[in-house]
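Novice: Quick one: this structure, given as structure tokens, is what I'll be asking you about.
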């Protein structure tokens, strides 16, 4: 599973404060820490309360790139902020995200084509998050087709079937898992898949346990990437073990260490 | 409409290891040999780079190998009591790319040679030939562990390939190679998990050593489990190309020893008239085994019969022809 580290996000108090005071220290600490813990990408989100999204995004990207060589995942609903960010990313980035809505798809896919960026695509539209797998898959197919019109290969897309908390939307879990499996059938090459892992456990008491249980179930259903807390050692150990059981890595007694040290 | 040929994409390449060092590099070899570096499965030049050809060693011992029998006496009998002369003949007359010296004499069950005698044998070979040298112990860890450090030190700078490190006994030989910048054979008993684990343990001792490991997955001869060792090597190489750094090392195999242990290579014609002439049969057994391993991604093969070496060299010439399109 491709690990996208979630921690550089203005929803966390330390990052919100860092953005406000333009203090690079907490951002760079989290960049290094997540890279050390095995992240492959770093998610960059200025958070909801930032008055100047463009300025905050470019500042976050600059200070993060000083601390880490990992590619970035630019996470915003404000596409001007994403575009400003793409211009200063030193490595091809990922755009997070676009729903299956015409105007938004056109804006995002043209940016993605111009900057060679990968795109996280949400299996939802103006009507909200679908209740079942079939509608999610139909929206995924729509995203793949529209992206293709911009010359973007399905391999550049990460479809997010949208995970809802298991305590409020318990019937969605199984639909998400089916979506992950069946998305692989909509095109050849198939698009990739991603989930925001921590959503599954919002508001529950056993967050870490639910997160890692869901992670390995999703992997068994073909999940390619996750926006996760790379600082959660037990989660990373569960992912390493799932990779062995799925025959993605060759077993040896030190397999957990090898997985954790891959990026060290 | 042009048809686009689908090609496999590989994420990683096998590491390159340089054997031997010239005078400018601190050794005394006439040239060095680089092995590994593959960016695709064996000889699929159209899918990736195969920068270095597999190389062939002939094996010599530090004492006359009585058990090799009359068949080999006619090739090596005049020189096999002198490792220097034996090595020269293998290189000058038979065209070996490199020499593997097995210190069989150190085994108390043969002549129980002292450390000094073993060092002298290594030095003799280094003086006699300019090709890079592989040195392996007698096969008994309790004896070999005492040999590695003095030999590594006596040949410091030569960038030997020294063996073998095993899971139960890897520290002495790894330290010896580490301290004197030699390369190391990491041997596992036809077991991919142990192969990877051993490489990790060596890399934990020294990250620099991780780039100087040659994997010996332990191979079997044709008819004696070749498909088993082949499949392990195939898995290791696929893992390497898919990004498993702890398997991305060149591989070595002792084809000669295994092939010439078989009944098919050893049975005299008088005992098995239907099997045909013994020497030709033995060469075929060794060469067929070697050819199969070329397709497994092997980088160094240690052979015994000069004729096998000739045949396999010609095969490698053919396989190294660029087939990219």
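Since every read-out is calculated from the coordinates, none of them should be taken as a lab result. All figures in this text were calculated on a predicted structure; none of them were measured in a lab. Cβ sites come from the backbone with ideal geometry, for glycine too, and all protein chains shown count toward neighbours.
Novice: For chain A, what does -39500 (n - 2.57) per DSSP helix run (n ≥ 4), summed and divided by total residues, give at 222 nm, in deg cm²/dmol to the nearest 500? Show your work: numbers first, answer last.
Specialist: Numbers: 10 runs with 124 residues, N = 264.
After summing the helix terms and dividing by residue count, I get -14500 deg cm²/dmol.
Novice: Using Cα pairs under 8 angstrom and six or more residues apart, how large is the relative contact order of chain A, in percent?
Specialist: Result for chain A is 18 percent.
Novice: What is the list of residues in the range A:205-232 whose amide nitrogen lies under 20 Å from a point 7 angstrom out from the Cα of residue A:167, following Cα to Cβ?
Specialist: Flagged as within label range: A:205-215, A:229.
Novice: So, how do all the Cα-to-Cα distances of chain B break down into 10 Å bins, in percent, from 0 on up?
Specialist: Pairs per bin, as whole percents: 6, 27, 36, 23, 7, 1, 0, 0.
Novice: Calculated FRET efficiency, residue A:208 and residue B:193, Cβ-Cβ r, R0 30 Å, to nearest 0.05?
Specialist: 0.55
Novice: Kindly provide log₁₀ I(q)/I(0) values, in the same order as q = 0.13, 0.14 Å⁻¹, from the Debye equation applied to equal alpha-carbon scatterers of the range B:68-213.
Specialist: Per q value, in the given order, log10 I(q)/I(0) is -0.59, -0.68.
Novice: How high is the relative contact order of the range B:18-319, given as a whole-number percent (alpha carbon pairs under 8 Å, six or more residues apart)?
Specialist: In percent, rounded to a whole number, it is 18.
Novice: Let's test this: bin the Cα-Cα distances of the range B:187-246 at 5 Å from zero up to the farthest pair and state each bin's percent.
Specialist: Histogram of Cα-Cα distances, whole percents per bin: 4, 19, 26, 24, 15, 7, 3, 1.
Novice: Report, as a whole number in µm² per second, the diffusion coefficient that Stokes-Einstein gives for the range A:93-231 at 4 °C and 1.567 mPa s using the Kirkwood radius over alpha carbon pairs. Before the final figure, lay out the partial values.
Specialist: Numbers: Rh = 15.0 Å.
This corresponds to a translational diffusion coefficient of 86 µm²/s.
Novice: Need one value for A:240-252: mean number of C-beta atoms belonging to other chains within 10 Å of its residues' C-beta atoms.
Specialist: Numbers: counts 0, 0, 0, 0, 0, 0, 0, 0, 1, 6, 13, 4, 14.
Taking the mean over all residues of the peptide, I get 3.
Novice: Could you check the spin-label model distance between residue A:253 and residue B:227? Points 7 Å from the Cα along Cα→Cβ, value in nm.
Specialist: Here the answer is 3.2 nm between the modelled labels.
Novice: Return the calculated 222 nm mean residue ellipticity for chain B, to the nearest 500 deg cm²/dmol, obtained by summing -39500 (n - 2.57) across DSSP H runs with n ≥ 4 and dividing by the residue count.
Specialist: Details: 12 runs with 126 residues, N = 325.
Computed mean residue ellipticity for chain B: -11500 deg cm²/dmol.
Novice: Now, a different point. Residue B:206 versus residue A:88, label points 7 Å from Cα toward the beta carbon: distance in nm?
Specialist: With each label placed 7 Å out from Cα toward Cβ, I get 4.5 nm.
Novice: Given points 7 Å out from each Cα along the Cα-Cβ axis, report the residue B:8 to residue B:275 separation in nanometres with one decimal.
Specialist: Between residue B:8 and residue B:275, the label points sit 3.6 nm apart.
Novice: Ok, one more. Report Rg(Cα)/(2.2 N^0.38 Å) for the protein assembly as shown, keeping two decimals. Before the final figure, lay out the partial values.
Specialist: Working: Rg = 29.5 Å, N = 589, 2.2 N^0.38 = 24.8 Å.
In units of the globular-protein estimate, the protein assembly as shown measures up at 1.19.
Novice: Among the DSSP beta bridges whose two residues both lie in the protein assembly as shown, what percent are antiparallel, rounded to the nearest 5?
Specialist: Expressed as a percentage, antiparallel bridges in the protein assembly as shown total about 10.
Novice: Against the globular-protein guess of 2.2 N^0.38 Å, express the Cα radius of gyration of the range A:188-264 as a ratio, rounded to two decimals.
Specialist: Values: Rg = 13.0 Å, N = 77, 2.2 N^0.38 = 11.5 Å.
After normalising by residue count via 2.2 N^0.38 Å, the value is 1.13.
Novice: Over the range A:1-91, what lengths in whole Å, largest first, do the semi-axes of the equivalent ellipsoid take, defined as the square roots of 5 times the eigenvalues of the alpha-carbon gyration tensor? If you can, show how the numbers build up before the last one.
Specialist: On the way: eigenvalues 65, 43, 27 Å².
They are 18, 15, 12 Å, listed largest first.
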